[in-house]
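Colleague: Handing you a structure now.
The values are calculated or read from the model by the stated rules, or taken from the named source; none is laboratory data. Quick caveat, the model's predicted, so the values are computed rather than measured. In this analysis, Cβ positions are derived from the backbone assuming ideal geometry, glycine residues included, and neighbour counts consider all displayed protein chains.
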Amino acid sequence: MPTYQYACNACAHEFEVFQSFSDASLTVCPECKGDLRKIYSAVGVVFKGSGFYKTDSAKTTSSSEPAKPAPAPAPAAKTD
């Protein structure tokens, strides 16, 4: 369940609440009954390990795979 931060516009009281995505936002301060506003902040995400970059899933050829033969050149047209 996500944690949301709220701050009161009247008394500057700040607090966090666990709410479901479907729950309505809080609008009344529990301290002074003033109006609340939701505080948005950046989420710190760090991707570690393999699998997160385009190059991690790119096909690579190994020495155990046979090399594909080059296409044969087209025969040259005879000119007399």
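Colleague: Starting from the range 7-25, keep only residues that are at negative phi and among the β-branched types (Val, Ile, Thr), then list their pairs with residues that are part of a strand (DSSP E or B) and surrounded by 14 or more Cβ atoms within 10 Å (Cβ to Cβ) whose Cβ atoms are within a distance under 7 Å, requiring at least 6 positions of separation or different chains.
Modeller: Close Cβ pairs satisfying both conditions: VAL17/TYR4; VAL17/TYR6.
Colleague: If you don't mind, there's one more thing I want to ask. Working only within the range 26-50, note down all residues that are in contact with an Asp or Glu (Cβ under 8 Å, 6 or more places away or on another chain) and touching a residue at least 12 places away in the same chain (Cβ under 8 Å).
Modeller: CYS29, ILE39, listed by residue number.
Colleague: Can you tell me which of (1) surrounded by fewer than 10 Cβ atoms within 10 Å (Cβ to Cβ); (2) outside any loop (DSSP other than H, G, I, E, B); (3) at pLDDT 90 or above is the one ALA24 doesn't meet?
Modeller: Exception for ALA24: condition (2).
Colleague: Next question, about the same structure. Look through CYS8, CYS29 and report the one residue that is touching a His at 6+ places or on another chain (Cβ under 9 Å), at pLDDT 75 or above and not charged (D, E, K, R).
Modeller: Exactly one of CYS8, CYS29 is touching a His at 6+ places or on another chain (Cβ under 9 Å), at pLDDT 75 or above and not charged (D, E, K, R), namely CYS29.
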